[in-house]
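What follows is a set of notes on a single structure, which appears directly below.
The values are calculated or read from the model by the stated rules, or taken from the named source; none is laboratory data. This structure is a prediction, so every number in the text was calculated from the model and none was measured. Positions of Cβ are generated from backbone atoms using ideal geometry, with glycine treated the same way; all protein chains shown enter the neighbour counts.
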Amino acid sequence: MKKFLRQTLLFALGLFLMAVIFDVVMTRRALRMKVPPYVSWNDLYQHNIDADILIMGSSRAYVHFNPAIMDTILHANCYNLGMNGRAADSQILRYKVFRRRGTPKPKLIVYEVSHGTMQKSNGYERSQFVPYLHDLYLWQLFHKQEEFSVADLVLPSWRFLGRKKMMGTILSPAAQKEGDNPVYKGFKGFDKPWDGRAYRKQKCVTYNSDTAIIRQFREFLDDCRRDSIPVVLVTSPFYIGGTRKMADSTGMHAMFAQIADDYGLPFLDYTYDELCYDTANFYNTMHLNRTGANLFTEKVARDIDSVMRGE
């Protein structure tokens, strides 16, 4: 009996050591990845973000605001913390991780707000959190929203189990390289032409106004005010055909205008900007291509500069 228990214990210990080694190898490789959505998290965890100006929002922030152009016009160091496919709940939680990591507070936050901002995130690209679940603070913030277990936090390698696609990405040599179209300071530009197929099929665009998310957003603005961090709200260009299909677009913009007014924030609305009328600037209804993004970034940077100067 003792021999059996000893062999069982040794076998369990061996499995545990293998799990620890696998966990260490996977985590170290994950922290070197240069591909989205991991590259921005790695910048965060490796203290590579030292931004005067922080850009926040969804994919419409991620692909619309080019920090290289903003740096030049605003004479500042900008970083794009936009989250692809994520609403304000996830965006704000990531900002909390950003501050928790000891990163100096930004001097300005530019927050892109649009039809999908005030809704609950739907789990898109959930795997982006997995390499960092050893961080208790991140786990505490995201575990309910993303349905992560205590085992994901405490058991070596557990968080990687069943995630074949993500493990394949981590182990791929290509993921350790920037590639032909690298993410630059959180920004990803796309050299795509207009594709109107989804637009033609789309009957209606709706905006969300989840009261819990609006409350969370207001609490975020309260925190920024307490920390003396100015915030500028921006609605970036949306193809005009999509805007015309939006149910109560006036109500959406009134919602953001009210929030801006309540907090005394500038609200820059480009819904009817000239860029919105030319499909050459877009690759789909709600996303600018690189050409459009660069044109918009130059415009919004100059407008932000004027706002901050009080002009």
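Conditions tested, residue by residue: (1) over 21 Å from Tyr207 (Cα atoms); (2) surrounded by 22 or more Cβ atoms within 10 Å (Cβ to Cβ).
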site: Thr103; (1), (2): yes, no
site: Val113; (1), (2): no, yes
site: Lys120; (1), (2): no, no
site: Val130; (1), (2): yes, no
site: Leu136; (1), (2): yes, no
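Can you tell me which residue among Ile229, Ile213 is crowded, with 18+ Cβ neighbours inside 10 Å and at pLDDT 95 or above? Please lay out each step first, then the result.
Values: Ile229 fails: crowded, with 18+ Cβ neighbours inside 10 Å.
Going through Ile229, Ile213 in turn, just one is crowded, with 18+ Cβ neighbours inside 10 Å and at pLDDT 95 or above: Ile213.
Scanning segment 122-145 for residues that are within 13 Å of the chain's Cα centre (by Cα) and small (Gly, Ala, Ser) yields one hit, Gly123.
Within segment 120-138, can one find any residue that is in contact with a Ser or Thr (Cβ under 6 Å, 6 or more places away or on another chain), without any contact (Cβ under 8 Å) to a residue 40 or more places away in the chain and under 28 Å from Arg29 (Cα atoms)? Checked segment 120-138: at least one residue is in contact with a Ser or Thr (Cβ under 6 Å, 6 or more places away or on another chain), without any contact (Cβ under 8 Å) to a residue 40 or more places away in the chain and under 28 Å from Arg29 (Cα atoms). Contact map, segment 205-231: first residue at negative phi, second residue acidic (Asp, Glu) and assigned to a loop (DSSP other than H, G, I, E, B), Cβ cut-off under 8 Å, separation 6 or more or different chains; pairs are Tyr207/Asp248.
When segment 28-79 is filtered for residues that are part of a loop (DSSP other than H, G, I, E, B) and free of Cβ contacts under 8 Å to residues at least 40 places away in the same chain, the ones remaining, listed by number, are Gln46, Asn48, His75, Ala76, Asn77. Among the residues in segment 87-102, are any modelled with pLDDT under 95 and either hydroxyl-bearing (Ser, Thr, Tyr) or under 30 Å from Cys276 (Cα atoms) (or both)? Taking every residue of segment 87-102 in turn, none turns out to be modelled with pLDDT under 95 and either hydroxyl-bearing (Ser, Thr, Tyr) or under 30 Å from Cys276 (Cα atoms) (or both).
For segment 143-166, the criterion of a residue being buried (at least 16 other Cβ atoms within 10 Å of the Cβ), more than 25 Å from Ser59 (Cβ to Cβ), aliphatic (A, V, I, L, M) and modelled with pLDDT of 95 or more is satisfied by at least one position. For segment 56-98, a residue qualifies if it is in contact with a Pro (Cβ under 7 Å, 6 or more places away or on another chain) and closer than 10 Å to Gly186 by Cα, and the qualifying residues are Cys78, Tyr79, Asn80.
The set of residues in segment 264-290 that are outside any strand (DSSP E or B) and either exposed (fewer than 15 other Cβ atoms within 10 Å of the Cβ) or touching a residue at least 60 places away in the same chain (Cβ under 8 Å) (or both) comprises Gly264, Tyr272, Glu274, Tyr277, Thr279, Ala280, Thr285, Met286, Asn289, Arg290.
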